[in-house]
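Participant: The structure is given below, and queries will be raised subsequently.
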Amino acid sequence: KTEKKPASRKTVKMMQRNTNRLLNLVNQMLDLSKLDAGSMKLELVEGDLIKSLKLIVLSFASLAEQKKIKFSYTFPKEKWTTCFDQDKLEKILNNLLSNAFKYTPEGGEVKCVVKLPDPGKNLVEISIQDTGKGIPTDQLDKIFDRFHQVKESYEPESAGTGIGLSLTKELVNLLHGNIKVESELEKGTIFIVQIPVGKGY
């Protein structure tokens, strides 16, 4: 009788990653369905915006260490209490940071910068920059389309589902914000998101 060997630590980690990816995909599809049905609404709460964003960003520190990627982040020093949709901001930030780490090679760098609104304005700006392979110029106007994949610049095993960025764009639109992208092949990509906050938006 042959005894089965216990799964190696590497195999268990791979299974966990695949499970998390599948769960994330299911959640993204559910969010898209809600957006299509018009059932996803704004849920504004009052709280410390900077603290909330910082917690999301810092949750990627272990991934940066694991992938040996330099991870830097800049936040305003002051506490800033305002009204914002925490759940949707978290999804937007998670999607963009996940992408940045996914396509940045070992030894690369990911930067996140959060800026408070200018005087008299209510737009919070979040930028996420990576030193990944970059996106071809002719693909930049398509990356927010549902199920679009940038196949030319990535290996098949690292290709995404084409859902994350389209969902991010639609969530930003729901929050009455805007998102733009700049990229250069072999140098990296930067996403800049501006989201209005406060009771009046």
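Participant: Going residue by residue through segment 162-179, is there one that turns out to be modelled with pLDDT under 90 and part of a loop (DSSP other than H, G, I, E, B)?
Facilitator: Yes, because at least one residue in segment 162-179 is modelled with pLDDT under 90 and part of a loop (DSSP other than H, G, I, E, B).
Participant: If you don't mind, there's one more thing I want to ask. In segment 86-105, is there at least one residue being surrounded by fewer than 17 Cβ atoms within 10 Å (Cβ to Cβ), touching a residue at least 24 places away in the same chain (Cβ under 8 Å) and not in a helix (DSSP H, G or I)?
Facilitator: Yes.
Participant: Which members of segment 26-71 meet the condition of being assigned to a loop (DSSP other than H, G, I, E, B) and more than 18 Å from the chain's Cα centre (by Cα)?
Facilitator: Going through segment 26-71, the residues assigned to a loop (DSSP other than H, G, I, E, B) turn out to be 38-44, 59-60, 68-69.
Scanning segment 26-71 gives GLY38, SER39, MET40, LYS41, LEU42, GLU43, LEU44, LYS68.
Participant: Ok, one more. Only residues that are modelled with pLDDT of 75 or more and closer than 26 Å to VAL113 by Cα: list them for segment 16-53, please.
Facilitator: LEU42, GLU43, LEU44, VAL45, GLU46, GLY47, ASP48, LEU49, ILE50, LYS51, SER52, LEU53
Participant: Within the bounds of segment 55-74, is there any residue that is surrounded by 14 or more Cβ atoms within 10 Å (Cβ to Cβ) and in contact (Cβ under 8 Å) with a residue 60 or more places away in the chain? Please lay out each step first, then the result.
Facilitator: Step one: filter segment 55-74 for residues surrounded by 14 or more Cβ atoms within 10 Å (Cβ to Cβ), giving 56-57, 60, 63-64, 67, 69, 71, 73.
Subsequent filtering for residues that are in contact (Cβ under 8 Å) with a residue 60 or more places away in the chain retains none.
No, segment 55-74 contains no residue that is surrounded by 14 or more Cβ atoms within 10 Å (Cβ to Cβ) and in contact (Cβ under 8 Å) with a residue 60 or more places away in the chain.
Participant: Find all pairs meeting these conditions: Cβ atoms under 7 angstrom apart; at least six residues apart or on different chains; first residue within segment 115-136 and in contact (Cβ under 8 Å) with a residue 60 or more places away in the chain; second residue crowded, with 18+ Cβ neighbours inside 10 Å and of a type in the set (Gly, Ala, Ser).
Facilitator: So the pair list comes out as ILE128/ALA100; GLN129/GLY188; ASP130/ALA100; ASP130/GLY108; ASP130/GLY188.
Participant: Evaluate segment 125-133: report whether one residue or more is in a strand (DSSP E or B), among the charged types (D, E, K, R) and under 17 Å from ILE190 (Cβ atoms).
Facilitator: Of the residues in segment 125-133, the ones in a strand (DSSP E or B) are 125-130.
Narrowing the set further to residues that are among the charged types (D, E, K, R) leaves 125, 130.
Within this subset, residues satisfying the condition of being under 17 Å from ILE190 (Cβ atoms) are 125, 130.
Yes, because at least one residue in segment 125-133 is in a strand (DSSP E or B), among the charged types (D, E, K, R) and under 17 Å from ILE190 (Cβ atoms).
Participant: Kindly indicate the residue of segment 180-201 that is more than 14 Å from the chain's Cα centre (by Cα) and basic (Lys, Arg) and also modelled with the lowest pLDDT among those meeting that condition.
Facilitator: The extreme case among them is LYS199.
Participant: Could I ask something else about it? Give the number of residues within segment 62-74 that are at pLDDT below 95 and among the hydrophobic types (A, V, I, L, M, F, W, C).
Facilitator: Count: 1.
The values are calculated or read from the model by the stated rules, or taken from the named source; none is laboratory data. Here the structure is a predicted model, which is why all the values come from computation and not from measurement. Every residue, glycine as well, gets a Cβ built from its backbone with ideal geometry; the counts of neighbours run over all protein chains shown.
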